[in-house]
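The values are calculated or read from the model by the stated rules, or taken from the named source; none is laboratory data. Keep in mind that what you see is a predicted model, and the values were worked out from it rather than measured. For neighbour counting, all protein chains shown are included, and Cβ atoms are generated from backbone atoms with ideal geometry for every residue, glycine included. Quick note on the areas: whole protein, heavy atoms, side chains included, nothing else; ligands and nucleic acids left out. Shrake-Rupley method; radii C 1.70, N 1.55, O 1.52, S 1.80 Å.
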Amino acid sequence: PHPHTLTPTKLKLNRNTSSAGRLMMDDEDILNTTNISLKTNDVVNLQHRTLCNLWAGCGQIIEVTVQNHPSIIIKRISMPKDCHSIGNSRKKASYICETNFYRHLAQHLNSIGCTVPIPLHLKSDSEGRNITIAMSKLEGSSGTPSWQHSSSFMRWLANLHSEYWGNDRADKAV
């Protein structure tokens, strides 16, 4: 199996909040999400850091590192019960779309050479209000791309477009 392969688990939706009211995850919740057991000897050093908070306090994206495991990115979304505003409705639809992308398209894209994060754990309630996406971390760097990076990107883009070019194939993907 791939080094990022983890078995889905029952996810306990933790409602700890900071003083700013943002959704937070504790160490136990992170371990539950990533299916890393506290009983194993390899959990020596669990570290996590918030990469960013989502719009309007609707969640956060964190990076989890555990000694002897690859880094994992967890996106945790918690939409308000009342999503009647245009902004909240758009956010909710976007997060549901992202979840479906990881559920239905990510594996295929990776198989044709379009590298995207590998979904490790997807959890959504029936209303699409509470969503957790755990995924592999893509390695890379910021800055001005080299010719080699630009060439790689163009190959990625060509693979993506050749796979979904035309109305029938594009419609089938969505």
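Details
- The number of residues in the stretch 147-156 being open to solvent by less than 80 Å² (accessible area, probe 1.4 Å) and in contact (Cβ under 8 Å) with a residue 40 or more places away in the chain comes to 1.
- Of the residues making up the stretch 49-63, those that are of a type outside the set (S, T, N, Q), surrounded by fewer than 18 Cβ atoms within 10 Å (Cβ to Cβ) and assigned to a strand (DSSP E or B) are R49, L51, C52, I61, E63.
- So I73, is it among the hydrophobic types (A, V, I, L, M, F, W, C) and modelled with pLDDT of 90 or more: yes
- Residue in the stretch 97-114 that is in contact with a Lys or Arg (Cβ under 6 Å, 6 or more places away or on another chain), under 29 Å from R169 (Cβ atoms) and open to solvent by less than 50 Å² (accessible area, probe 1.4 Å) present: no
- Filter result for S124 (open to solvent by 40 Å² or more (accessible area, probe 1.4 Å) and over 20 Å from N100 (Cβ atoms)): no
- Selection within the stretch 64-91 - outside any strand (DSSP E or B) and either farther than 25 Å from L138 by Cβ or touching a Gly at 6+ places or on another chain (Cβ under 7 Å) (or both): M79, P80, K81, D82, C83, H84, S85, I86, G87, N88, S89, R90
- Options T144, T132: the member that is open to solvent by 70 Å² or more (accessible area, probe 1.4 Å) and out of contact with any Gly (no Cβ under 8 Å at 6 or more places or on another chain): T144
- Residue match in the stretch 76-94 (condition: under 26 Å from L46 (Cβ atoms) and under 11 Å from the mean Cα position of the chain (by Cα)): yes
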